[in-house]
1. Nearest 10 degrees is fine. How inclined is helix B:282-294 to the longest principal axis of chain B, computing both from alpha carbons?
2. What are the ³J(HN,Hα) values, in whole Hz, obtained from phi via the Karplus relation 6.51 cos²θ - 1.76 cosθ + 1.60 with θ = phi - 60°, for each residue of the stretch A:170-182 in sequence order, with x given for Gly and Pro?
3. Rounded to whole angstrom, how close does the nearest chain B beta-carbon get to the axis mapping B onto A, and which residue is it?
4. Averaged across the residues of B:289-299, what count of C-beta atoms belonging to other chains lies within 10 Å of each residue's C-beta?
5. Could you let me know the centre-to-centre spacing of the stretch A:280-309 and the stretch B:391-449, using Cα atoms, in angstrom?
6. Go through A:ALA272, A:LEU244, A:ALA261 and say which Cα lies farthest out towards the positive end of the charge dipole of the stretch A:237-290; charges sit on Cβ, +1 for Lys and Arg, -1 for Asp and Glu.
7. With the crude spin-label approximation of a point 7 Å out along Cα→Cβ, what separation in nm comes out for A:ARG274 versus A:ARG419?
8. From the square roots a ≥ b ≥ c of the eigenvalues of the alpha-carbon gyration tensor of the stretch B:1-120, which class results: rounded (a/c under 1.5), prolate (a/b over b/c), or oblate?
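Every number in this text was worked out from the coordinates using simple rules, so none of it is lab data. The model shown is predicted, which means the values in this text are computed figures rather than measured ones. Positions of Cβ are backbone-derived with ideal geometry, glycine not excepted, and every protein chain shown enters the neighbour counts.
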Protein chains: 2
Amino acid sequence: MSMDATALWQRYQDWLYYHEGLGFYLDISRMRFSDDWVNTLQPKFDKAFQDLAALEAGAIANPDENRMVGHYWLRDPDLAPSAELKQDIVNTIDQVQRFAKQVHSGEIHPPNAAQFTDILSVGIGGSALGPQFVAEALGSVHAPLQIHFLDNTDPAGIDKVLAKLQDRLASTLVIVMTKSGGTPETRNGMLEVKHAYEQQGLNLAQHAVAVTGIGSSFEKLAKSEGWLDVFPMHDWVGGRTSELSAVGLLPAALQGIDIEAMLAGAKEMDAATRVPQIKGNPAAMLALSWYYAGNGKGEKDMVVLPYKDSLLLFSRYLQQLIMESLGKETDLDGNVVHQGIAVYGNKGSTDQHAYVQQLREGVPNFFATFIEVLEDRDGSSIEVEPGATSGDYLSGFLQGTRQALFENHRDSITVTVPRVDARTVGALIALYERAVTLYASLININAYHQPGVEAGKKAAAAILDLQKRVVKVLQESGTPLSLPDLAAKVGAPDQIEAIYKIVRHLDANHRSLTLSGDRSQPSGLKVAAS
Amino acid sequence: MSMDATALWQRYQDWLYYHEGLGFYLDISRMRFSDDWVNTLQPKFDKAFQDLAALEAGAIANPDENRMVGHYWLRDPDLAPSAELKQDIVNTIDQVQRFAKQVHSGEIHPPNAAQFTDILSVGIGGSALGPQFVAEALGSVHAPLQIHFLDNTDPAGIDKVLAKLQDRLASTLVIVMTKSGGTPETRNGMLEVKHAYEQQGLNLAQHAVAVTGIGSSFEKLAKSEGWLDVFPMHDWVGGRTSELSAVGLLPAALQGIDIEAMLAGAKEMDAATRVPQIKGNPAAMLALSWYYAGNGKGEKDMVVLPYKDSLLLFSRYLQQLIMESLGKETDLDGNVVHQGIAVYGNKGSTDQHAYVQQLREGVPNFFATFIEVLEDRDGSSIEVEPGATSGDYLSGFLQGTRQALFENHRDSITVTVPRVDARTVGALIALYERAVTLYASLININAYHQPGVEAGKKAAAAILDLQKRVVKVLQESGTPLSLPDLAAKVGAPDQIEAIYKIVRHLDANHRSLTLSGDRSQPSGLKVAAS
């Protein structure tokens, strides 16, 4: 589709979505679909709108796990399918607000200090990406508590965070987030943190709260150890859509972020995206654009380019939300489909000096999503040259890049928000959650399970089990063994390579065994217990 | 290619690269190429090795800009094609070391404090991504100076960094990095920082050093204002390969990072990758794997997964190095080729709880690069369960994911390093720089220019020029104007949409004009000077 400036301006206006309450704009005029093509998708959208309505009414939208999908109720509890669920949501928000207030006032404080000064959030996946995104977007240098994250099982990474907090551990509030307690990274992080507290003669329980499934083994542990509080993680809220549950609200409220405004922004966007038509529903317009870009098969990557530093982590948040939801092997009818949409990006105009060179001229394997923020800063700006501010440049770079991409036949979406505040962030979260829900219907997949994550856990457990057997065999063996002999004795002759990796790692950490021989020739290495 | 465990273990050993001096391993056994296919690429590699040798000898490897490409000389000055260039490199390293020593000792100190406590680095692209990667990888909580970055022209982002430094601005050393002074983001950042210093009654010049082209207008400015020092940015070093020039060495040395070890690691990897054969040259093995994965056309994305928190920013660093180098419209013969390789990733195992679901099961549009670090941490680890540490889990997750991807027909490369230290980081930088050089030869493109970045600058300048004309017309016009009338009066009837974006941005910031009317109908809006 080629058009002159007048036709483009007309297309811009025809497709422009504006939400007055949120001051929110969505522009999909630079996705080159035709009206005829949109019409062909109408039946799929009719079904998607019905699916979304059923999901919001409490249908089992995650058939593999036989679960309801309730994250939309979190910001509009009146929609919850039972009075009990509604009360549960309302109570949790109250509990979060009350707890944060008591921490801020010092009513809840650590044993050896008048106030908590820092938060250490231990969690991974949905229990990290949302809180990290929100902390980066809305956190302030002057926040009542500064937040830090342990989101991995990397010993050196854990040490670095703990070194930073070394002098303030006694006034650090630890939040451990895990639905069952069964996520190894989080369990390990908690144990490492507990050890650090013990090293300082402190008791983690007196500094910690849990966000976990009610009835989980982890809830029992926290209660039996006398942790400061326990907040619920509901089984009808998935990790990647949990930012507006206690998972996201608790750290936000503790940082002094207006969680009522976040919820209100999300509720308003939910309402706007309940409209059962494509044009006029921004989530549907996004889903339409994604479908168009990738032919409904994820053939193009989604590059997310917010022109605002505080939105740097939005793409990482969206990576999980979109790729974990849509990246599925089979559709709901069991057909092998290998679905998904790859998402990456950092921020503009910074990325213009990194990889936008390739976006403009190189492989046309993507579509871009620009995020524009109208308000430059709190307060006024100096002029960096007559009549121009730093913000004018930022704005000019966004316009220039969008235009250049289009001229080079690279499509883009532009989301425009008035400013980055709690309401806008809530609205953006809701917008993308709902676009994912609709798009998943269009391509007929279950967006609410993650079988590959479970499989990853099992694969690691198998390696750890193998490690235990390797160490046992070596301890029992009197002499150094070659890798094939070791594998045979372990009863895993097919797993020489895995065993080699295990012993190489143990040797590097001076644990249990030593490896000798020419390292460029693994088959000649000898392994001995140490 | 399907194979049993024994054949796979054989393939692993056949293709394993090990560098004893660096303790570095490269495993490309899980890229499913055949030996026959490798043989077909031999002629291309023969040429690539020749091109690389010529480049290192000082050939004009960047024909569009008629420049030599000299970043490999930085870590082995004896290779520089003239005594003058060699001396220049040696002198710069000396200057950096001397300056850092004087800052650390307090010999160089700010007017109102005995020591500098912080660094504020102002730069974008190559002047930010390398220093950020290195600071994250090697920076310590106990470093003599802590580093902060301004890498954009976002007013709110600038305000946030300056708010953090508010109380320490008087003891902050500002490094402004720009080859010519002509990069608007950096210029704007410097002016905003200068303003912040003035607000505190301080003079930026007494707190600042420049890293810039010798003879540039920016060098003249810094000298005339009496800045603390000026370090050279050579025209034979491109931004994305400047980490081992003053751009990267100065901030690293100031943070107490061992820059001699970084240079030595790079030099050792350079030597290892000068071997003119595929097997036995790790950069060639990477280039081979990339070519195989994407059919020499970037058909697959490169997902970079370091299983180590401190390498989080390696993928962002590689995004620039690879995508800006390879993402080109035309080849060296002028054919339109739309080349490149898309790069993204964060870290494992964290990403296993984000998008690895899609990698395992979804769109097979990528190949993975795992980065394994053998040493878990300084010191010993607690057991998180009998016989297992946090680091064993990290290691198990990497093995499990690599294996699961392969079983699902997703290829991967694994880079293994003994630990994350200055030497390893230098070696990794050199490895990827050289793989890019070789791959660029394979696909016959100029990896050393970035026409799209220049074009982006021009597009933004045109928008800013239009803004000035719009404001002028409005100030001269007595009455509110519609967008079409405004565009006509500005003499840019084809640019209504750009003008609309400009006035919407100015209005949101209460500058020069006001916008009135129904915002969902841009054509009905009226614009008036304010």
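1. On a 0 to 90 degree scale, this one is about 70.
2. 5, 10, 9, 9, 9, 10, 9, 10, 6, 4, 10, x, x
3. Residue plus distance in Å, as requested: B:TYR344, 2.
4. Working: counts 0, 0, 0, 0, 0, 2, 0, 0, 2, 4, 2.
For peptide B:289-299, the averaged partner shielding equals 1.
5. A separation of 29 Å, based on Cα centres.
6. Most positive-ward Cα: A:ALA272.
7. 2.9 nm
8. Details: a/c = 3.52, a/b = 1.76, b/c = 2.00.
Here the stretch B:1-120 falls in the oblate category.
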